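The values are calculated or read from the model by the stated rules, or taken from the named source; none is laboratory data. Keep in mind that what you see is a predicted model, and the values were worked out from it rather than measured. Please note: Cβ atoms are built from the backbone with ideal geometry, for glycine as well, and neighbour counts cover all protein chains shown. In case anyone asks, the SASA skips ligands and DNA or RNA and just uses the protein heavy atoms, side chains included. Shrake-Rupley method; radii C 1.70, N 1.55, O 1.52, S 1.80 Å.
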Amino acid sequence: MNDKVTNILLVGVGGQGTLLASEILTEVLMLAGYDVKKAEVHGMAQRGGSVVSHVRFGRKVHSAIIPEGEADILFGFELLETYRYLPLLGANGKVLANDLKIMPLPVATGKERYPAGLAEKISAQVPQSRIVNGLQLAIQAGNDRTVNTVLLGTLATLLDIDLDLWRQAIKKLVPEKFCVVNLKAFETGLTVGF
Amino acid sequence: MKKTVLSGNEAIARGAFEAGVKVAAAYPGTPSTEILENLVSYQGIDASWSPNEKVALEVGIGASFGGVRTLVTMKHVGVNVAADPLFTLSYTGVRGGLVLVTADDPELHSSQNEQDNRNYAKFAKVPMFEPADSQEALEFTRLAFAVSEQFDTPVMLRTTTRISHSKSVVTLGEPLTGLPEPSLSRNPAKLVMLPGNARPLHHTVEKRITDLEEWSSRQPWTRVEEYGGKIGVITAGISYQYAREVMPDADILKLGMVYPLPKAAIRAFAANYETLYVLEELDPFIEEQVRAMGINVQGKDIFPLCGELTPGRVHDALTGEHAPLAHSVDEPLPNRPPNMCPGCPHRGVFYALNRLKAYVTGDIGCYTLGFMPPLSAMDTCVCMGASIGMATGISKVLTEEDRAKVVAVIGDSTFLHTGINGLMDMVYNRSTATVIILDNSITAMTGRQDNPGSGFNLAGDGTYQVNIEALCAAVGVKHIQVIDPYHLEQTKDVIQAEMHRPEVSVIITRRPCMLVKRDNLESKPPLFVDSDKCTACRACLKIGCPAIEWNPEAGTKGQAQVNELLCVGCKVCMELCKFDAFGVVDDE
Ligand SMILES: Cc1ncc(C[n+]2csc(CCOP(=O)(O)OP(=O)(O)O)c2C)c(N)n1
Ligand code: SF4
Ligand code: SF4
């Protein structure tokens, strides 16, 4: 293991389950033997606001917050939030985003408009980007509530970590009755690939 | 030893368990809440929610005087509420170790101010530890109990949001055994703080601080790390991580105890460097004391005083420039402010208050979001419980016409926290204001904790449920009404009538929080908007439900749509639509 710290920034909307996804990711990285840190904020920010979770791993990690412009992977669960946090991505960074729009309040009440063409704008700025339709894939995998796990499967193809550790972490952190569907969703995400 | 990933809060709970804590009390508050939520799952610990932080600390003091190790936790502003017992507990000292966790919130992620509670340690003259990651959160919690007993003092443990809510790898320890059994033991000269007893104890307190200051210089948590640098940094807590991240070559004096400061160690370290920084969030707490020792340091002259530190902010302060970024967003983006949930019972109340143009003295909870457009129905919010006192105060100075507009709005948990005293005063001093108690039977804002009005305790067991109506009646309120805030018409009418009553009245709007699972709310089918009937009047947008989305492309002038994935079928929007455009999906 060299001294390089890898930074993954997860962004989404409160209520989307971003925090469970970052929980699974953190567990996987610990199982893989890395020093890992995760930072996020609970409380007010979760009431439908924008939600950010920083995950960093390597031989030794100091700050849990990713230094600005140093994210290696921007992992977005919603398009506007993915675009909003683009400046935190490093020059050679990658974007993995869910093709989903959730209207923020000023848009829902007709005061502002949801920006158009976000998927294209992201792809134009970041050559290594992949935008997947998580919901469609989740339905294909058999359960529309497993979007995040599908996306984690795709993320797994970007990281050099034993896939069994992912399955182990999912089994540990997902409630038992949803385990089978989530493992299936994870495989679907894997086959999609980055 | 077992390795695992824990948040700072989980690590504190684990540390308390390992330290042999028997009693824990708290009032929820971000970012402290998860400590007790975790602790309650350990065997043999009596962990409970108190109605407020003062009570929590008093429960803790009692348990400590009974001879057991006791943990009390709260958010930073909670210590303001608990300050009265704290300052005198400093004089009495403890029997079983007592640790008070203060979880501060630099950057105000979820708070009304960003006070720096290290000042409380100095003010109350109690030692304070500050961990820099989850491992230290666990270890310092254990340590704090030992120090509490060794020096006969309460000990504070300060975290910040980035410690409380960040996760890192932790090696667990073994629980302590063989701690003394609790018992009744009388010692009034130490525990009854009459002037005659307290006066000599003040000397004890001052000596204790001097002793601790000298002792902590020689302890392992006062640590010099040498990286061969020409620059020295004195730091503690989360700031230590930023120093390592941004100044990898600087030598570091890492403090574990931030009050009292280990002055001998600081002097010895400082002597080696021409360039010396103090890196700390918020107040120049360490810096001022180091300067007072006659040592010249750089601190708040370059690092920000407000907000939290981040690696970027530390870098910018040190170099005086902002590193260029590879990517940018060049267009203004719509913000994504937090909002009440779809079907939140508070929504209808604020809609009514907005229509009635009430002057709303507000309070703290999910309902503070009633301030946000389009509801825009809150005029003040200062601290928990303040709504009622403020309504009394402002009513005193207004004309009769304006006075009728004043309405205090307060949640059930906040009412039981510190609102009831204000209500007593309102009646006692013949105010005429109106109070609305938003009773969703839970402490929702902090993630749904039980409270004395919910009928359940922290362990999830059923218990006596405070009768809020009877409580209001007992302090002398004559006009008390209970209404269902889903009925918009009735809600508005009742509020309007009570606003004009020249006497104190209380309206209790009762409906459980949408997210409380215990009530097993029947899930209701979502609604839809009939595009043949929607006239684009936009009336339904005025309640700000996240499930109602304006589609500017639909119809000729745009139309409302319901997001089926978000709608919980509360039907409040249906009451607003004059054109009967909302229908229930199943009824189609
Ligand atoms: C002194 C103090 N303690 C704790 C908090 C954290 N806090 C903010 S709102 C709230 C409780 C809100 O509960 P309730 O009044 O029932 O309103 P709800 O969120 O359920 O609508 C708490 C504990 C605080 N801001 N100040
Ligand atoms: S958590 Fe409960 S009280 Fe808070 S906004 Fe949601 S429904 Fe309302
Ligand atoms: S019924 Fe109407 S107000 Fe209630 S959640 Fe659904 S869209 Fe929102």
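Is it the case, given these coordinates, that B:Ala25 is touching a Gly at 6+ places or on another chain (Cβ under 7 Å) and closer than 20 Å to B:Asn117 by Cβ? I'd like the intermediate steps shown before the answer.
Working: touching a Gly at 6+ places or on another chain (Cβ under 7 Å): yes; closer than 20 Å to B:Asn117 by Cβ: yes.
Against the criterion (touching a Gly at 6+ places or on another chain (Cβ under 7 Å) and closer than 20 Å to B:Asn117 by Cβ), B:Ala25 qualifies.
Report the residue count in segment B:547-584 for those that are more than 10 Å from ligand 3 (Cβ to nearest atom), more than 23 Å from B:Val516 (Cα to Cα) and not polar (S, T, N, Q). Write out each step before concluding.
To start, the set of residues in segment B:547-584 that are more than 10 Å from ligand 3 (Cβ to nearest atom) comprises B:550-559, B:565, B:578-581, B:583.
Of the ones still in play, those that are also more than 23 Å from B:Val516 (Cα to Cα) are B:550-559, B:578-581, B:583.
Within this subset, residues satisfying the condition of being not polar (S, T, N, Q) are B:550, B:552-555, B:557-558, B:578-581, B:583.
Looking only at that region, the number is 12.
Condition check: within 9 Å of chain B (Cβ to nearest Cβ) and either assigned to a strand (DSSP E or B) or surrounded by fewer than 21 Cβ atoms within 10 Å (Cβ to Cβ) (or both). Does A:Gly48 satisfy that?
Against the criterion (within 9 Å of chain B (Cβ to nearest Cβ) and either assigned to a strand (DSSP E or B) or surrounded by fewer than 21 Cβ atoms within 10 Å (Cβ to Cβ) (or both)), A:Gly48 does not qualify.
Residue-by-condition table, conditions (1) modelled with pLDDT under 95; (2) surrounded by fewer than 21 Cβ atoms within 10 Å (Cβ to Cβ):
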residue	(1), (2)
A:Ala108	yes, no
A:Ser123	no, yes
A:Val150	no, no
A:Thr157	no, yes
A:Leu163	no, yes
A:Trp166	no, no
A:Lys171	no, yes
A:Lys177	yes, yes
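So if I check each of B:Ile35, B:Ile45, which one is farther than 24 Å from A:Lys38 by Cβ, of a type outside the set (Lys, Arg) and in contact with a strand residue (DSSP E or B) (Cβ under 7 Å, 6 or more places away or on another chain)?
Numbers: B:Ile35 fails: farther than 24 Å from A:Lys38 by Cβ.
B:Ile45 is the lone residue from the list that is farther than 24 Å from A:Lys38 by Cβ, of a type outside the set (Lys, Arg) and in contact with a strand residue (DSSP E or B) (Cβ under 7 Å, 6 or more places away or on another chain).
If a residue has to be open to solvent by less than 10 Å² (accessible area, probe 1.4 Å) and either touching a Lys or Arg at 6+ places or on another chain (Cβ under 6 Å) or over 14 Å from A:Phe194 (Cα atoms) (or both) to count, how many in segment A:91-104 make the cut?
The total comes to 2.
Those residues that are away from ligand 3 (no atom under 16 Å from the Cβ), open to solvent by less than 10 Å² (accessible area, probe 1.4 Å) and over 25 Å from B:Val79 (Cβ atoms), I need them from segment B:366-407; list them, please.
B:Ala377, B:Ala391, B:Thr392, B:Ser395, B:Val406, B:Val407
Of all the residues that make up segment A:6-43, how many are within 9 Å of chain B (Cβ to nearest Cβ) and not in a helix (DSSP H, G or I)?
13
Could you tell me how many of the residues in segment B:165-191 are under 16 Å from B:Ala13 (Cβ atoms) and buried (at least 16 other Cβ atoms within 10 Å of the Cβ)?
Looking only at that region, the number is 7.
Can you name the residue in segment B:356-392 that is more than 13 Å from ligand 1 (Cβ to nearest atom), part of a loop (DSSP other than H, G, I, E, B) and among the hydrophobic types (A, V, I, L, M, F, W, C) and, of all such residues, is nearest to the other protein chains (Cβ to nearest Cβ)?
My answer is B:Met372.
Is at least one residue of segment B:322-330 free of Cβ contacts under 8 Å to residues at least 40 places away in the same chain and in contact with a His (Cβ under 8 Å, 6 or more places away or on another chain)?
yes
Scan segment B:306-336 residue by residue and report those that are at the interface with another protein chain (Cβ under 7 Å from one of its Cβ atoms) and part of a loop (DSSP other than H, G, I, E, B).
Let us first name the residues in segment B:306-336 that are at the interface with another protein chain (Cβ under 7 Å from one of its Cβ atoms), namely B:310-312, B:323, B:325-329, B:331, B:333-336.
Answer for segment B:306-336, where residues must be at the interface with another protein chain (Cβ under 7 Å from one of its Cβ atoms) and part of a loop (DSSP other than H, G, I, E, B): B:Thr310, B:Ala323, B:Leu325, B:Ala326, B:His327, B:Ser328, B:Val329, B:Glu331, B:Leu333, B:Pro334, B:Asn335, B:Arg336.
Listed here are the residues, each with its yes/no results for (1) open to solvent by less than 30 Å² (accessible area, probe 1.4 Å); (2) in contact (Cβ under 8 Å) with a residue 24 or more places away in the chain.
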residue: B:Gln298; (1), (2): no, no
residue: B:Glu308; (1), (2): yes, yes
residue: B:Ala317; (1), (2): yes, no
residue: B:Gly320; (1), (2): no, no
residue: B:Leu353; (1), (2): yes, yes
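Hey, can you tell me all the residues within segment B:456-472 that are open to solvent by less than 10 Å² (accessible area, probe 1.4 Å) and either within 14 Å of another protein chain (Cβ to nearest Cβ) or away from ligand 1 (no atom under 14 Å from the Cβ) (or both)?
Within segment B:456-472, B:Cys472 is the sole residue that qualifies.
Can you tell me which of (1) without any contact (Cβ under 8 Å) to a residue 12 or more places away in the chain; (2) closer than 24 Å to B:Leu416 by Cβ; (3) among the polar types (S, T, N, Q) is the one B:Asn551 doesn't meet?
(2)
Anything in segment B:337-351 that is open to solvent by 10 Å² or more (accessible area, probe 1.4 Å), within 13 Å of ligand 3 (Cβ to nearest atom) and within 11 Å of chain A (Cβ to nearest Cβ)? List them, or say none.
Those that are open to solvent by 10 Å² or more (accessible area, probe 1.4 Å), within 13 Å of ligand 3 (Cβ to nearest atom) and within 11 Å of chain A (Cβ to nearest Cβ): B:Asn339, B:Cys341, B:Pro342, B:Cys344.
Is it true that some residue in segment B:423-433 is within 16 Å of ligand 1 (Cβ to nearest atom), open to solvent by 20 Å² or more (accessible area, probe 1.4 Å) and not acidic (Asp, Glu)?
no
When B:Trp550 is evaluated against the numbered criteria (1) at the interface with another protein chain (Cβ under 10 Å from one of its Cβ atoms); (2) more than 16 Å from ligand 2 (Cβ to nearest atom); (3) in contact with a Pro (Cβ under 6 Å, 6 or more places away or on another chain), which criterion, by number, is the only one it fails?
Of (1) at the interface with another protein chain (Cβ under 10 Å from one of its Cβ atoms); (2) more than 16 Å from ligand 2 (Cβ to nearest atom); (3) in contact with a Pro (Cβ under 6 Å, 6 or more places away or on another chain), only one is false for B:Trp550: (3).
Just give me the residues in segment A:67-116 being in a strand (DSSP E or B) and among the acidic types (Asp, Glu), in sequence order.
Across segment A:67-116, the qualifying residue is only A:Asp72.
Let's see how each residue does on (1) facing chain B (nearest Cβ under 9 Å); (2) at pLDDT 95 or above; (3) closer than 19 Å to B:Pro332 by Cα:
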{"position": "A:Arg56", "(1), (2), (3)": "no, yes, no"}
{"position": "A:Leu79", "(1), (2), (3)": "no, yes, yes"}
{"position": "A:Leu86", "(1), (2), (3)": "yes, yes, yes"}
{"position": "A:Ala119", "(1), (2), (3)": "no, yes, yes"}
{"position": "A:Val126", "(1), (2), (3)": "yes, yes, no"}
{"position": "A:Leu137", "(1), (2), (3)": "no, yes, no"}
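For (1) of a type outside the set (A, V, I, L, M, F, W, C); (2) under 33 Å from the mean Cα position of the chain (by Cα), each residue gets a yes or a no:
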{"position": "B:Thr160", "(1), (2)": "yes, yes"}
{"position": "B:His165", "(1), (2)": "yes, yes"}
{"position": "B:Val169", "(1), (2)": "no, yes"}
{"position": "B:Leu172", "(1), (2)": "no, yes"}
{"position": "B:Pro175", "(1), (2)": "yes, yes"}
{"position": "B:Arg186", "(1), (2)": "yes, no"}
{"position": "B:Leu191", "(1), (2)": "no, yes"}
{"position": "B:Pro200", "(1), (2)": "yes, no"}
{"position": "B:Val205", "(1), (2)": "no, yes"}
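If A:Glu70 meets every condition in (1) within 11 Å of chain B (Cβ to nearest Cβ); (2) open to solvent by less than 40 Å² (accessible area, probe 1.4 Å) apart from one, which number is that one?
Of (1) within 11 Å of chain B (Cβ to nearest Cβ); (2) open to solvent by less than 40 Å² (accessible area, probe 1.4 Å), only one is false for A:Glu70: (2).
Give the number of residues within segment B:411-442 that are assigned to a strand (DSSP E or B) and more than 14 Å from B:Val466 (Cβ to Cβ). Walk me through how you get there before you give the answer.
We begin by selecting, within segment B:411-442, every residue assigned to a strand (DSSP E or B); these are B:411, B:434-439.
Add one more test, that the residue is more than 14 Å from B:Val466 (Cβ to Cβ), and what stays is B:434-436, B:438.
Selection size over segment B:411-442: 4.
Identify the residue in segment B:17-59 that is away from chain A (no Cβ under 14 Å) and closer than 19 Å to B:Asp104 by Cβ and, among all such residues, is most open to solvent (accessible area, probe 1.4 Å).
B:Lys54
Of everything in segment A:12-45 that's open to solvent by 20 Å² or more (accessible area, probe 1.4 Å) and closer than 22 Å to B:Pro106 by Cα, which residue is farthest from the chain's Cα centre (by Cα)?
If we take residues in segment A:12-45 being open to solvent by 20 Å² or more (accessible area, probe 1.4 Å) and closer than 22 Å to B:Pro106 by Cα, then A:Met44 is farthest from the chain's Cα centre (by Cα).
Since B:Ser523 meets every condition but one in (1) surrounded by 16 or more Cβ atoms within 10 Å (Cβ to Cβ); (2) within 16 Å of ligand 2 (Cβ to nearest atom), which condition does it not meet?
Against the list (1) surrounded by 16 or more Cβ atoms within 10 Å (Cβ to Cβ); (2) within 16 Å of ligand 2 (Cβ to nearest atom), B:Ser523 comes up short only on (1).
For every residue, the table says whether it meets (1) open to solvent by 30 Å² or more (accessible area, probe 1.4 Å); (2) at pLDDT below 95.
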residue: B:Leu71; (1), (2): no, no
residue: B:Met74; (1), (2): no, no
residue: B:Glu107; (1), (2): yes, no
residue: B:Ser110; (1), (2): no, yes
residue: B:Glu114; (1), (2): yes, no
residue: B:Ala132; (1), (2): no, no
residue: B:Leu138; (1), (2): no, no
